[in-house]
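Data first, discussion second: the structure below is written as structure tokens.
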Amino acid sequence: MTEHRAQVDELLADYRRSRERLAAVQRELATVSASVTSDDGLVTATAGARGVLTGLVIADEAYRRYRPAELSAQVVRTAGAAAVRALAAAGEVLAPALPAGSDPQALLLGTADLGAAELVPDPVAANGTADTDDADESFEDQNWLEDAEWPRPR
């Protein structure tokens with residue numbers, strides 16, 4: 001019985017070590033942040049560990065220099081660069097806690113080991129209907145009642 005108890009104790013100790021390592025990784029991931037400034041210095045975007053925009057600074061000069069569409073494109077470009085940089089930093093934090101051969105960025109993005117074909121949206125889920133050749137199944141603008149069934153006005 002003592003051998004069994006020793007195995008249970010060792011398993012519990014392993015579990016506690018794994019749990020503490022996970023908590024440490026989570027704390028470190030919470031501190032990951034990356035900022036990128038546009039080449040002209042007018043837009044600075046900051047992203048967190050999962051690439052989510054957490055800060056945006058737009059200099060007053062940007063409103064004078066850019067048209068709205070140009071400024072929005074600059075913001076999107078800069079935010080995208082910040083997201084890439086933050087995801088790379090988060091991947092470096094996460095990699096040691098993952099099994100060998102795991103892709104930390106895929107895990108952070110929620111795609112794990114899915115292939116490109118598996119990530120394509122399902123057309124049925126996207127619009128609620130399947131693409132079928134039953135186009136004559138439309139029931140729009142059809143009269144289901146016979147005119148003879150209704151009394152005629154006098």
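Taking 7 Å steps out from each Cα toward its Cβ at Ala59 and Thr31 produces label points 3.1 nm apart. Exposure proxy shown here: for Glu28, Glu61, Glu118, the number of other Cβ atoms within 10 Å sets the order, fewest to most, as Glu118, Glu61, Glu28.
Working from label points 7 Å from Cα in the Cα-to-Cβ sense, the Glu118 to Ala100 distance is 2.3 nm.
How large is the dipole of region 1-124 about the Cα centre if only Lys and Arg carry +1 and Asp and Glu carry -1, each at its Cβ, rounded to the nearest 20 debye?
Working: 12 positive and 16 negative charges, 75 e Å.
That gives region 1-124 a dipole magnitude of about 360 debye.
A straight line joining the Cα centroids of region 33-53 and region 67-124 runs 15 Å.
State the extension gain, in nm to one decimal, for the chain segment bounded by Glu92 and Leu22, taking 0.36 nm per residue of separation less the distance between their alpha-carbons.
23.8 nm
Look at the dipole of region 31-114 built from charges on Cβ: of Ala34, Val57, Gly91, the Cα furthest out on the positive end belongs to Val57.
For region 1-69, the dipole from Cβ point charges (+1 on Lys and Arg, -1 on Asp and Glu) about the Cα centre works out to 200 debye, to the nearest 20. Note that region 74-89 has calculated 3J(HN,Hα) couplings of 5, 5, 4, 4, 5, 5, x, 5, 5, 5, 4, 5, 5, 5, 5, 5 Hz, one per residue in order, obtained from phi through the Karplus relation 6.51 cos²θ - 1.76 cosθ + 1.60 (θ = phi - 60°); glycine and proline are x.
Please state the relative contact order of region 31-114 as a whole percent: Cα pairs under 8 Å, 6+ residues apart? Write out the running numbers ahead of the final one.
Numbers: 125 pairs, mean separation 24.9, N = 84.
It comes to 30 percent, rounded to a whole number.
Values in this text are rule-based calculations from the coordinates and carry no lab data. For clarity, every value in this text was computed on a predicted model and none was experimentally measured. Heads up, the Cβs are rebuilt from the backbone with ideal geometry, glycines too, and the neighbour counts pull from every protein chain shown.
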